[in-house]
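For reference, the structure discussed in these notes is given below.
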Amino acid sequence: MLKNYLKIISRNLWRNKLYTGINIMGLGIGIAAIVWGFQNYRFSFSFDNFHKNSENVFRVLTKAQGSDNLKGICPMPLAIVAKNDFSNVKEAVRWSSRSLDIKADQNEAFASLAHFTDPSFFNVFTFPLVAGTINLSDRSTVLITETAAKKFYGSTNPIGKTLMFYSDEPYKKPLKVTGVLKDPPTNSSLQFQLLTNFDNQLKADGSVYRNDDWSLFSDAVFLKLSQPSDAASLDADFKKYLPMQQTARTDFKITSFAMEPLSHVANHIRELENNVLMQRPEDAATYGPLILGILILLSACLNFANTSVAQSNRRLKEIGVRKVMGSSLRQIMLQQLLECACIVLLALGLSAIINNFWLPAFNAMFIYVDVTANYFHDYTLLTFVGVILLSVTLLAGGYPAFYISRFNASNIFRGSVKFGGNNFFSRIMLGFQIVITFITVIAGVAFSRNSGFQNDYDYGYNKANVISLNVQDETAYTPVRNELNKIPGIDQMAATNNNIGFSYDRTAIEVNGEKKQVMFFETGENYLNVMNLKLVAGRDFNRSGTGDYMHSLLINEKLAFEFGWKPADAIGKQVRIDDTTYYTVTGVLKDFIQNTLFDPIEPVAMSLIPPEKYSKIIIRAGQGSLTGTYNEVKKVWSALYPMKPFRAYYQDEIAAQGISVNKSIATIFLWFALISIFIAATGMFALVSLSVLKKRREIAIRKVVGADGVHILKVILKGYSWIFILASLIGCYVGYMLSKLLMDMIFRINAGVSTASIIFSFVFVLIIGSATIGTKVWQALQKKPTDVLKAN
């Protein structure tokens with residue numbers, strides 16, 4: 001019997017090869033989309049799940065006076081005293097990073113990010129060793145990853161080689177490479193290339209940090225506990241350390257501690273301050289592809305059901321004969337479902353081919369995303385695919401199987417089968433397809449428009465034609481500045497320690513006992529002019545004399561608002577920093593984007609620092625000479641400091657990530673909008689074909705009596721117009737709401753979803769629908785009425 005089923009199925013699929021191909025393509029794209037969404041979701045929530053005993057590992061978070069947000073940093077000594085004071089703390093690990101110059105043998109020095117940790121690191125975390133040995137307790141050694149090995153040594157074996165840390169400092173420190181680690185997976189919140197003993201992190205004078213200094217902070221502190229349930233009590237137990245920390249740092253007082261499971265460490269997208277660890281993709285990037293995949297697959301299933309019903313008239317006599325020969329309703333339905341399952345199986349194969357190209361392209365669009373789909377070795381995915389096979393077969397084939405098999409044989413042969421009836425269910429399914437089409441089209445248009453909006457957005461300062469050069473200290477600042485003055489392409493220069501978008505500190509500002517956490521910038525001469533920051537009240541720093549050094553303060557409108565001041569009223573206000581130093585507000589800056597359009601505008605304070613604290617030179621190049629100026633600056637640096645890495649960047653790099661993300665999202669939505677339009681158009685074509693087939697005699701008679709094309713069109717579309725109108729209204733509303741929600745989740749500042757985007761989407765879908773329907777109506781008008789009437 002199975003052999004007969006397979007013969008019938010293969011013949012039917014080949015006989016209707018156009019619709020078969022369309023359905024395989026539509027379902028293949030839909031299944032590929034849902035697999036992409038599912039795997040992306042799994043990746044987002046897989047961070048740090050590869051560590052052994054990860055359920056016993058917790059990160060110590062802190063909360064500081066003047067801010068309600070948790071912070072990722074933790075007092076450095078806590079890791080040591082906690083292990084000594086509490087028996088349920090089995091291991092303690094500090095984690096800190098620092099950018100420094102590192103040189104391999106006689107090669108050129110690299111500006112690299114090194115990470116410092118405790119010897120117990122590998123007792124807590126699982127990072128496989130590729131070659132060599134691990135001994136972090138030896139301060140003379142360093143572990144490197146495969147990427148770092150290639151960076152510093154190429155194809156040469158790095159084991160036993162020497163890396164010179166702090167290569168540009170008098171206290172340079174040679175470290176022996178004893179082991180090569182496998183690169184941390186993308187879903188690791190700890191990302192590193194160079195790993196060495198915590199005590200190799202040196203101060204500016206080359207001395208070692210004291211382990212009992214409560215004024216110092218680690219980027220992160222992790223504890224491995226005996227039992228996960230012990231974490232709750234430690235939150236309160238650690239309060240005994242607060243007096244020591246608050247005495248050591250009167251300007252930055254920790255008020256409480258919080259224990260966070262390792263499984264949650266990567267879930268802080270934006271709300272965790274002072275966090276240097278890698279975070280999972282945002283909720284919009286996590287759930288968006290999954291929702292989009294569901295919509296596309298649902299649309300493909302609805303389309304399959306509609307096209308199956310539309311072409312079922314060709315199967316009526318076959319079904320009648322089979323019923324006369326004794327086939328039961330169950331057997332006929334089983335055949336139809338097996339036929340559907342074959343199409344879904346072929347679509348699964350197509351989805352694997354599609355994702356073989358799509359997933360690498362998707363990963364290339366976004367930084368630190370690694371979504372894969374191994375259909376044969378990933379058992380969770382294999383189970384999911386099995387569920388998809390069953391679900392899609394029932395969802396897409398259940399209704400057609402029941403619809404086709406329910407006809408009575410005698411009615412079929414008498415010709416009294418009223419083909420399709422009102423087919424209300426098919427129209428509802430078409431309505432859902434139109435809704436899905438509007439959602440994807442509106443999202444694609446909205447994000448494309450937002451991309452242009454953000455490209456031209458005013459950040460509140462002029463980021464174009466600006467280069468930032470790191471000089472590290474005053475000893476390099478003066479000679480470099482003198483040489484840069486000789487370059488004709490430079491219009492202006494400024495000195496600073498911090499720079500918008502790339503470096504700042506956080507501190508608490510107090511006014512009348514009320515404290516606010518702010519972004520704190522230490523700036524030098526001419527900084528406001530070079531960056532084109534605007535004052536709305538007061539004055540800039542006075543560059544003549546030293547009266548403003550460490551005494552005057554510029555704040556932004558946001559900070560003035562936080563304290564309840566109007567800009568003009570803020571001038572002359574006294575604020576306290578470090579609990580001892582008083583500053584006078586001399587100017588209020590117009591709000592500006594401090595980081596990217598992903599981030600909200602925060603309170604900002606700027607102080608003027610003396611030349612001995614300068615670490616950067618900000619260079620504004622002349623119009624059209626940015627690249628040439630950058631190259632000239634690099635030549636100057638190489639001539640003065642041939643053994644020091646050249647560290648410079650363009651200021652407009654701050655907007656590059658947002659522009660890239662927006663462009664990628666717009667591209668994804670536009671592609672899927674085209675896919676949903678294709679699927680909806682084929683479904684619409686199938687249903688209109690069904691309507692033409694049902695009314696073929698009526699159309700022929702009307703043509704005989706002189707009906708024109710417009711009249712015939714009304715007859716064919718009778719009952720479909722209200723579906724399109726209702727689906728359009730629902731689709732426009734849902735598309736607007738979902739696109740706005742998604743855009744607000746991703747970008748704090750965006751263009752929103754305009755009325756023009758909705759109108760354009762409506763007109764575009766209307767044109768596609770009209771072209772699809774018009775094609776079928778034209779085909780119907782070409783048929784001779786006599787041929788139709790003779791055939792009936």
Fill in the blank from the handout: Output row, site Tyr368, 7 Å Cα→C-beta label point, backbone N cut-off 18 Å, window the range 662-679, residues 662
Completion exercise
Evaluated at 4 °C and 1.567 mPa s, the Stokes-Einstein D of the range 510-597 based on the Kirkwood radius over Cα pairs, in µm²/s, stands at 95 µm²/s
Fill in the blank from the handout: SASA check, Trp722, accessible area w/ 1.4 Å probe, all protein chains in place, rounded to nearest 10 Å², comes out at 110 Å²
Practice task
Run the dipole for the range 533-642 about the Cα centre, Lys and Arg Cβ at +1, Asp and Glu Cβ at -1, nothing else charged, and hand back the magnitude in debye, nearest 20.
Solution key: 400 debye
Exercise for the section: Please go through the range 435-510 and write out the trypsin sites (Lys or Arg not before Pro) that DSSP classes as loop and that have at most 14 other C-beta atoms within 10 Å. Expected result: Lys486
Practice task
Determine the per residue accessible area of the range 162-233 with all protein chains present and a 1.4 angstrom probe, expressed in square angstrom.
Solution key: 37 Å²
Handout entry: Cα-projected label distance for Ile353 with Arg481, points at 7 Å along beta-carbon direction, nm
Key = 6.5 nm
Handout entry: chymotrypsin sites (Phe, Trp or Tyr not before Pro) within the range 425-496, DSSP loop, no more than 13 other Cβ atoms inside 10 Å
Key = none
Problem - Glu602 - accessible surface, heavy atoms, 1.4 Å probe, Å² rounded to 10 - result: 40 Å²
Handout entry: Within-13-Å neighbourhood charge of Pro184 [Cβ basis; K, R +1; D, E -1]
Key = -3
Practice task
Name the residue farthest towards the positive end of the dipole of the range 250-303 from the options Ala284, Leu295, Ala258, assuming +1 on Cβ of Lys and Arg, -1 on Cβ of Asp and Glu, about the Cα centre.
Solution key: Leu295
Completion exercise
Taking 0.36 nm per residue of separation between Phe561 and Asp458 and subtracting their Cα-Cα distance, the length gained on full extension comes to 35.0 nm
Practice task
With all protein chains present, calculate the accessible area of Ile80 using a 1.4 Å probe and round the result to the nearest 10 Å².
Solution key: 60 Å²
Completion exercise
Projected onto the charge dipole of the range 519-612 (unit charges on the beta-carbon of Lys, Arg, Asp and Glu, signs +1, +1, -1, -1), the Cα from Asn526, Ala570, Ala605 with the largest positive-side position is that of Ala570
Exercise for the section: Run the accessible area of the range 215-284 with a 1.4 Å probe and give the carbon-and-sulfur part as a rounded percent. Expected result: 51 percent
Fill in the blank from the handout: Phi-derived 3J(HN,Hα) across the range 233-240 with the Karplus relation (6.51, -1.76, 1.60, θ = phi - 60°), rounded Hz, x for Gly and Pro, is 6, 5, 3, 7, 4, 6, 4, 5
Exercise for the section: Could you work out the local net charge near Val604, counting Lys and Arg as +1, Asp and Glu as -1, over the other residues with Cβ closer than 14 Å to its Cβ? Expected result: -2
Problem - Efficiency of FRET from Cβ geometry, Trp671 and Thr380, R₀ 22 Å, rounded to 0.05 - result: 0.25
Problem - Gyration tensor verdict on the range 88-236 (Cα atoms; rounded if a/c is under 1.5, prolate if a/b is larger than b/c, oblate otherwise) - result: oblate
Practice task
Show Met737, Met519 ordered by accessible area, largest first, where the area counts protein heavy atoms only and the probe is 1.4 Å.
Solution key: Met737, Met519
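The values are calculated or read from the model by the stated rules, or taken from the named source; none is laboratory data. All of these numbers come straight from a predicted model, not from anything done at the bench. Note that each Cβ is placed from the backbone with ideal geometry, even for glycine, and that neighbours are counted across all protein chains shown. What goes into the accessible areas is simple: the full protein's heavy atoms, side chains included, and nothing from ligands, DNA or RNA. Shrake-Rupley method; radii C 1.70, N 1.55, O 1.52, S 1.80 Å.
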